[in-house]
Amino acid sequence: MREMSAPAKVLAALVTALVTIPLVGSAAGSVAAFDDVGATVDAAAAFGAPRRGVGEVVNKVVVIGIDGLMFDKADAAQAPRLRRLAAQGLLSQGNIAGHITISGPSWASALTGVWDTEHGITDNEFDVTPFLAHPSVFTRIERADPTRHTVSIGTWHQIATIAATGDRRADVALTTAPVADDPDESATDAATAAEVVSSIERSGPDLIFTHLDQIDLAGHQHGGASRAYLAAIRRVDALVGQIVAAVDERAQARPREQWTVLVTTDHGHLPTGGHGGQTPAETANFVIARGPDFTPGTVTSAHTLVDLTPTVLDLLAAPPGRLDGHSLRARPTPGDER
């Protein structure tokens with residue numbers, strides 16, 4: 001959720017420097033773009049299918065964080081790539097009732113595996129302190145194996161605050177510089193996605209997390225029931241397709257690499273816009289897990305954003321420690337749900 005501008009941040013290896021990601025892509029950003037449906041999207045052609053690694057398998061994970069997305073709007077928005085991705089693995093549509101439905105607390109929970117009552121973040125203004133007691137997924141992976149290559153690339157600057165914190169931290173933590181004349185953040189999100197695709201193609205990180213923000217902005221400006229909100233979903237759907245296509249192309253070229261794609265959101269939106277409360281629209285949450293470990297067509301309500309970090313740690317064979325969430329690869333028990 002971008003409620004303020006901030007300089008771009010980067011952490012590369014053990015050196016921290018300020019950088020910006022140049023605009024390397026753009027996307028149609030008007031509400032009219034929703035009305036101009038154009039050719040029907042062939043989701044099957046957008047990307048392939050998850051591949052199981054062969055030989056000495058190397059697990060790799062992509063986590064796509066989509067700010068403010070209510071997944072049940074994907075049908076109304078004609079978002080075939082997200083729907084295809086969900087059909088290829090596990091889709092959980094649950095809720096985070098009892099948790100603060102604001103970006104700061106939610107992305108902190110997604111990236112630490114503990115609820116807001118543990119990390120203590122209550123809004124979007126936070127510093128590194130909570131992550132000293134509750135390490136991020138990047139810290140836990142780097143502690144377990146410093147040779148792992150971990151990357152964070154996001155549109156919202158506070159994602160880098162989380163990723164670049166701790167005694168061990170993400171090898172790369174980038175915040176996309178806001179693109180000029182981009183009132184709906186479509187061009188900025190496109191630049192974020194393009195950098196993610198480039199990172200996958202260049203180095204194939206063991207973990208790469210990305211954050212896309214324009215859907216949340218559309219919700220704030222126009223409401224969760226607006227055509228602008230649906231238009232933003234369609235644009236992000238296309239960006240998700242680009243990222244997953246890059247994963248599949250790399251997996252095909254490197255048979256040892258076994259990739260898992262995880263997708264989640266931080267909160268929903270009221271029909272008139274806004275979040276932070278406990279209505280069903282605000283607490284709506286979803287998780288997609290697509291990879292060889294997940295049976296296609298699995299539908300549940302047992303998992304939420306807090307299960308992302310345990311799942312990544314499980315896939316990359318890193319000790320989880322004491323977490324509130326549970327790996328999506330484990331069978332949930334009734335007590336697992338919040």
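The modelled label-to-label distance for the pair Arg143/Val128, using points 7 Å beyond Cα in the direction of Cβ, is 1.6 nm. In the context of the full set of protein chains, the stretch 132-251 has a per residue accessible area of 28 Å² (1.4 Å probe).
Working from label points 7 Å from Cα in the Cα-to-Cβ sense, the Arg202 to Thr279 distance is 4.3 nm.
Amide H to amide H, with H built 1.01 Å from N, Asp324 comes under 5 Å of Val114, Trp115, counting only residues 5 or more places away or on other chains.
Which of the GluC sites (Glu not before Pro) found in the stretch 111-218 are loop residues per DSSP with 13 or fewer other Cβ atoms within 10 Å of their Cβ?
On the way: sites: Glu118, Glu125, Glu142, Glu185, Glu195, Glu201; in loops: Glu125, Glu185.
Qualifying residues, ordered by number: Glu125.
Taking one quarter of the surface of the convex hull spanned by the alpha-carbon atoms of the stretch 212-270 gives a direction-averaged projected area of 4.3 nm². Between Asp181 and Gln221, the FRET efficiency from the beta-carbon distance, with R0 = 25 Å, is close to 0.95. Quick one: pull the percent of accessible area on the stretch 90-148 belonging to carbon and sulfur, 1.4 Å probe, ligands and nucleic acids left out. Looking at the stretch 90-148 in its full context, I get 51 percent from C and S. Per-residue 3J(HN,Hα) values for the stretch 203-210, derived from phi via the Karplus relation 6.51 cos²θ - 1.76 cosθ + 1.60 with θ = phi - 60°, read 10, x, x, 5, 9, 10, 10, 10 Hz in sequence order (x marks Gly and Pro).
Evaluated over the Cα positions of the stretch 148-240, the convex hull gives a direction-averaged projected area, one quarter of its surface, of 6.3 nm².
Averaged over every viewing direction, what's the projected area of the C-alpha convex hull for the stretch 183-338? Give it in nm², one decimal, please.
Details: hull surface 41.6 nm².
Averaged projected hull area, Cα only: 10.4 nm².
Within the stretch 279-322, the percentage of alpha carbon pairs spaced more than 11 angstrom apart rounds to 73%.
With θ taken as phi - 60° and the Karplus curve 6.51 cos²θ - 1.76 cosθ + 1.60 applied, the whole-hertz 3J(HN,Hα) list for the stretch 156-168 is 8, 5, 6, 4, 5, 4, 5, 5, 9, 10, x, 5, 10 Hz, x standing for glycine and proline.
Between Gln78 and Thr117, take the C-beta separation as r, use R0 = 41 Å, and let me know the FRET efficiency to the nearest 0.05. Walk me through the numbers on the way to the answer.
On the way: r = 38 Å, r/R0 = 0.93.
So the FRET efficiency works out to roughly 0.60.
Less than 5 angstrom separates the built amide H of Ser152 from those of Val172, Ala173, Leu174, Phe209, all sequence-distant by 5 or more or on a different chain.
Based on the mean of other Cβ atoms within 10 Å per residue, sort peptides 262-271, 247-256 so the most packed one is first. Don't skip to the answer; put the middle values down first.
Working: 262-271: 24.3, 247-256: 16.2.
Packing order, densest peptide first, comes out as 262-271, 247-256.
Taking only protein heavy atoms and a 1.4 Å probe, the accessible area of the stretch 158-243 is 48% carbon and sulfur.
Jot down the per residue volume, in cubic angstrom and as a whole number, of the convex hull over the alpha-carbon atoms of the stretch 74-225. Walk me through the numbers before you get to the answer.
On the way: hull volume 21.7 nm³, N = 152.
Residue-normalised Cα hull volume stands at 143 Å³.
For Thr192, neighbours were defined as the other residues whose beta-carbon sits under 10 Å from its Cβ, and their charges (Lys and Arg +1, Asp and Glu -1) total -4.
Multiply the residue separation of Arg329 and Thr272 by 0.36 nm, subtract the distance between their alpha-carbon atoms, and state the gained length in nm to one decimal.
Residue separation times 0.36 nm, minus the Cα-Cα distance, leaves 16.9 nm.
The values are calculated or read from the model by the stated rules, or taken from the named source; none is laboratory data. Since we're looking at a predicted model, the values are computed, not measured. Glycine also receives a Cβ, built like all others from the backbone with ideal geometry; neighbour counts cover every protein chain displayed. When the accessible area is computed, the model is the full protein with side chains, heavy atoms only, and any ligands, DNA or RNA have been set aside. Shrake-Rupley method; radii C 1.70, N 1.55, O 1.52, S 1.80 Å.
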